[in-house]
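Participant: Just dropping this structure here.
The values are calculated or read from the model by the stated rules, or taken from the named source; none is laboratory data. Model, not experiment: these values are computed from the prediction. Methodologically, a virtual Cβ is constructed for each residue, glycine included, from the backbone with ideal geometry; neighbour enumeration extends over all protein chains shown. All accessible areas refer to the heavy atoms of the entire protein, side chains included, with ligands and DNA or RNA removed. Shrake-Rupley method; radii C 1.70, N 1.55, O 1.52, S 1.80 Å.
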Amino acid sequence: MNFLEERIVKDGIVKAGNVLKVDSFLNHQMDIQLLEEIGREFKRRFADKHVTKILTIEASGIGIACFVAKEFGVPMVFAKKSKSINIAGDVYVAEVESFTHMNKNQVIVSKAFLSEEDHLLIIDDFLANGCALQGMIAIAEAAGATVEGLGIVIEKGFQHGGRAIRNLGYHLESLAIVEAMDEETGKITFRQQ
């Protein structure tokens, strides 16, 4: 069991509807030492890739992506879920559906921050159905950027998202892959990696 799997077993809560609550350490309250370790692990797993920027989606991916960007020594860009007056000019747009929030959002990135010169490592906290990753891939493709890899903190291996992304030919690394969860017992089973 790796450091992240141990933390999920210790502090994760299995809820009805295939929901895994990790908000006490990952995506509401954040354990900074854990995020540092996550950043180092993604750097190790993608050390052979030429990465010029980290791309994520608001909000839960931002904290994680910052630590990954620090390890690579590159900027981090995040896709916003709504256009604001702060974003002027042209934008890349993709529609994504959130498993957790059960809604669809258009996400945007200013064209000023992504270009065909960029080599991206896309980072997110969870992978369930793959819609957020597919949206970020679509934005990267619209910018002409190269997707060097995709890093996920927790993948729900019993849902189709990971398989769909891997079938597209992308290098996808998940730090923990949950194979099964039992809401009655709270037991979490991880895929051997």
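Participant: Residues to consider are Ile177, Ile152, Ile165; find the one that is farther than 17 Å from Ile122 by Cα, open to solvent by less than 50 Å² (accessible area, probe 1.4 Å) and in contact with a helix residue (DSSP H, G or I) (Cβ under 9 Å, 6 or more places away or on another chain).
Facilitator: Numbers: Ile152 fails: farther than 17 Å from Ile122 by Cα; Ile165 fails: farther than 17 Å from Ile122 by Cα.
After applying the criteria, what remains is Ile177.
Participant: Looking only at segment 148-193, how many residues end up being among the small types (Gly, Ala, Ser) and assigned to a loop (DSSP other than H, G, I, E, B)?
Facilitator: 3
Participant: Quick one: which residue in Val107, Val74, Val91 is aliphatic (A, V, I, L, M), modelled with pLDDT of 95 or more, within 23 Å of Gly144 (Cβ to Cβ) and open to solvent by less than 50 Å² (accessible area, probe 1.4 Å)?
Facilitator: Val74
Participant: Let me ask you something else. Would it be correct to say that Ile137 is modelled with pLDDT under 95 and either assigned to a strand (DSSP E or B) or open to solvent by less than 40 Å² (accessible area, probe 1.4 Å) (or both)? It would help to see each step written out before you state the result.
Facilitator: On the way: modelled with pLDDT under 95: no; either assigned to a strand (DSSP E or B) or open to solvent by less than 40 Å² (accessible area, probe 1.4 Å) (or both): yes.
No.
Participant: Just checking, does segment 22-41 include any residue being open to solvent by less than 70 Å² (accessible area, probe 1.4 Å), among the polar types (S, T, N, Q) and more than 17 Å from the chain's Cα centre (by Cα)?
Facilitator: yes
Participant: A further question on this structure: Find all pairs meeting these conditions: Cβ atoms under 7 angstrom apart; at least six residues apart or on different chains; first residue within segment 116-137 and without any contact (Cβ under 8 Å) to a residue 60 or more places away in the chain; second residue of a type in the set (Ser, Thr, Tyr) and buried (at least 19 other Cβ atoms within 10 Å of the Cβ).
Facilitator: Leu127/Ser174
Participant: Considering only residues that are open to solvent by less than 70 Å² (accessible area, probe 1.4 Å) and over 17 Å from the mean Cα position of the chain (by Cα), which ones fall in segment 1-17?
Facilitator: Asn2, Phe3, Arg7, Asp11, Gly12, Val14, Ala16, Gly17
Participant: Please give the number of the condition Thr56 fails out of (1) at pLDDT 95 or above; (2) assigned to a helix (DSSP H, G or I); (3) not aromatic (Phe, Trp, Tyr).
Facilitator: Checking Thr56 against (1) at pLDDT 95 or above; (2) assigned to a helix (DSSP H, G or I); (3) not aromatic (Phe, Trp, Tyr), the one that fails is (2).
Participant: Same structure, new question: Mind telling me which of the residues Ile177, Ile154 ends up being out of contact with any His (no Cβ under 7 Å at 6 or more places or on another chain) and either at positive phi or touching a residue at least 60 places away in the same chain (Cβ under 8 Å) (or both)?
Facilitator: Within the list Ile177, Ile154, the selection yields Ile154.
Participant: Looking at segment 180-193 only, could you name the residues that are within 19 Å of Phe3 (Cα to Cα), loosely packed, with under 13 Cβ neighbours inside 10 Å and charged (D, E, K, R)?
Facilitator: Across segment 180-193, the qualifying residue is only Lys187.
Participant: Condition first: of a type outside the set (Phe, Trp, Tyr) and under 17 Å from Glu155 (Cα atoms). Now tell me which residues in segment 17-33 satisfy that.
Facilitator: Initially, segment 17-33 is screened for residues of a type outside the set (Phe, Trp, Tyr), giving 17-24, 26-33.
Scanning segment 17-33 gives Gly17, Asn18, Val19, Leu20, Lys21, Val22, Asp23, Leu26, Asn27.
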